[in-house]
1. How many of the residues making up the stretch 64-80 are within 28 Å of THR167 (Cα to Cα), within 15 Å of the chain's Cα centre (by Cα) and either of a type in the set (Asp, Glu) or surrounded by fewer than 24 Cβ atoms within 10 Å (Cβ to Cβ) (or both)?
2. Which pairs turn up if I take residues in the stretch 152-177 that are closer than 14 Å to HIS119 by Cβ and look for partners that are small (Gly, Ala, Ser) and part of a loop (DSSP other than H, G, I, E, B) with beta carbon separation below 7 Å, at least 6 apart in sequence or on another chain?
3. For the list (1) within 16 Å of ARG127 (Cα to Cα); (2) over 19 Å from the mean Cα position of the chain (by Cα); (3) among the hydrophobic types (A, V, I, L, M, F, W, C), I need the number of the one condition that ALA182 fails.
4. So which residues in the stretch 137-169 are under 23 Å from GLY229 (Cα atoms) and either in a helix (DSSP H, G or I) or hydrophobic (A, V, I, L, M, F, W, C) (or both)?
5. Can you spot a residue in the stretch 164-187 that is in contact with a strand residue (DSSP E or B) (Cβ under 8 Å, 6 or more places away or on another chain), over 23 Å from LEU129 (Cα atoms) and surrounded by fewer than 18 Cβ atoms within 10 Å (Cβ to Cβ)?
6. Considering the stretch 75-98 alone, what residues qualify as being aliphatic (A, V, I, L, M) and in contact with a helix residue (DSSP H, G or I) (Cβ under 6 Å, 6 or more places away or on another chain)?
Amino acid sequence: MTEHGVRQESADGVVRVTLDRPERGNALDAATVERLLEAVRKAEAEGARLLILDGAGRSFCTGFDLGGLDEASDGDLLWRFVRIELLLQRIYHAPFATLALAKGNVFGAGADLFCACQHRITAPDARLLFPGVRFGLLLGTRRLAARVGPDTARALLSRRVPIDAETARRVGLSDRTEPPEAWADAVEEIRSAAFALESGVTARINAVTRTDTRALDMADLVASACQPGLGDRIRAYVRSLRKA
């Protein structure tokens with residue numbers, strides 16, 4: 001069943017959550033973020049062993065939904081980014097395995113969502129971009145640096161054009177590149193590994209192998225988003241895209 005742009009299926013300890021707003025490139029509006037947060041909370045409460053994230057249609061996720069941008073105050077935008085950061089933190093520090101299956105455009109908060117997952121597979125057509133710094137936003141920066149190293153993270157954040165799937169794999173942003181028709185085998189491999197240990201052991205391993213910088217990450221996001229004129233900066237970025 002699809003609710004607020006999210007479709008969820010659960011069976012035998014595996015939860016599959018599909019972004020289902022293909023007409024919007026699976027962009028993250030406020031309702032979709034809340035539904036994703038609830039899906040992750042429910043997976044934790046039910047003792048899930050593996051959470052799979054994917055996207056309906058051509059793209060995994062094109063990032064922050066810019067619909068209604070002209071009517072949103074800076075405070076509204078700040079709140080939405082805070083909720084996205086909470087979602088990313090919840091996934092990154094989940095006590096179970098997480099897997100992102102990405103195709104097409106993987107932009108902005110969508111790229112951060114991909115990066116937050118423990119296992120990350122791209123289709124050959126995937127294109128990844130982190131444009132938030134263009135309007136002064138620091139979202140998921142430490143998590144990206146933890147995945148690819150600080151020098152590569154700075155290079156990725158400074159790019160104006162997306163990287164392709166092979167580059168993402170080479171720098172460590174993704175684990176592998178597989179066509180969607182091969183994803184079922186990859187999912188089964190990861191599912192088997194997720195069930196190899198008791199859930200409590202997995203949770204403890206996850207806790208000690210992921211540095212907890214949640215407070216710092218949130219503080220950096222809020223400090224960057226609180227600079228006056230957030231909405232104006234985002235609108236200027238959108239105008240630059242249209243001119244390009």
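1. Number of matching residues: 1.
2. The qualifying pairs are ALA168/ALA126; ALA168/SER174.
3. (1)
4. Result: LEU137, LEU138, LEU139, THR141, LEU157, SER158.
5. yes
6. Those that are aliphatic (A, V, I, L, M) and in contact with a helix residue (DSSP H, G or I) (Cβ under 6 Å, 6 or more places away or on another chain): LEU77, LEU78, ILE84, LEU87, LEU88, ILE91, ALA97.
Yes/no matrix, rows are residues, columns are (1) closer than 22 Å to ARG127 by Cα; (2) in contact (Cβ under 8 Å) with a residue 12 or more places away in the chain; (3) part of a strand (DSSP E or B):
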position: ARG16; (1), (2), (3): no, yes, yes
position: GLU34; (1), (2), (3): no, yes, no
position: LEU88; (1), (2), (3): yes, yes, no
position: PHE114; (1), (2), (3): yes, yes, no
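Let's see how each residue does on (1) at pLDDT 95 or above; (2) more than 16 Å from GLN89 (Cβ to Cβ); (3) touching a Leu at 6+ places or on another chain (Cβ under 9 Å):
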| position | (1), (2), (3) |
| --- | --- |
| THR2 | no, yes, no |
| ARG7 | yes, yes, yes |
| VAL15 | yes, yes, yes |
| ASN26 | yes, yes, yes |
| THR32 | yes, yes, yes |
| VAL40 | yes, no, yes |
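The values are calculated or read from the model by the stated rules, or taken from the named source; none is laboratory data. Bear in mind the structure is a predicted one, so any value in this text is a computation, not a measurement. Please note: Cβ atoms are built from the backbone with ideal geometry, for glycine as well, and neighbour counts cover all protein chains shown.
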